[in-house]
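S.K.: Here it is, the structure in full.
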Amino acid sequence: MKRLFMVVVAMLSMTMTFAENENAANLNSTEAYNMTVNMKKLGQALNLSKDQEESFAEIHKTFSAEMMFAAHASGEERTKMVDNAIKKDLAWMDYILNRDQYRRYVQILNVTLVNRGLK
């Protein structure tokens, strides 16, 4: 009887450990899609004008929302949603940024995506 009880306790504790790790992995993967940034620092890095800052903030807000929606999708659908969000973001940024600013923004975005494991 004691052995049976010990086996049940061991099984329950292993199950709880695996479930905890799975929840932590899901949380970490969702956090990777959080694209909130310090807009002031990014604006300084890109040397944005006041007009560009407003447009940039609105476009980035939309991009961040699309990435969070993608975080809750599954598998292949997630990949499509991320790719579409990036394409839209780059198209809109190309419209408001000059060539040098756009090139710098693409570099920053690529580094961010690679560091978060999304590319």
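Every read-out reported here was derived from the displayed coordinates using simple, explicitly stated rules and does not represent laboratory data. Since we're looking at a predicted model, the values are computed, not measured. Please note: Cβ atoms are built from the backbone with ideal geometry, for glycine as well, and neighbour counts cover all protein chains shown.
S.K.: I want to make sure I understand the PRE zone here: with the label point 7 angstrom from the Cα of residue 45 toward its beta carbon, which residues in the range 75-114 have backbone N atoms less than 15 Å away?
M.R.: Residues passing the 15 Å test: 101-114.
S.K.: Given 40/80; 40/88; 41/80; 50/119, which pairs have Cα atoms separated by over 26 Å? Walk me through the numbers on the way to the answer.
M.R.: Values: 40/80 30 Å; 40/88 22 Å; 41/80 30 Å; 50/119 31 Å.
Cα-Cα > 26 Å for 40/80; 41/80; 50/119; rest within.
S.K.: Let me ask another. What number, in percent, do you get for the relative contact order of the range 31-88 if the mean sequence gap of Cα pairs under 8 Å and at least 6 apart is divided by its residue count?
M.R.: On the way: 30 pairs, mean separation 21.5, N = 58.
Normalised by residue count, the contact order of the range 31-88 is 37 percent.
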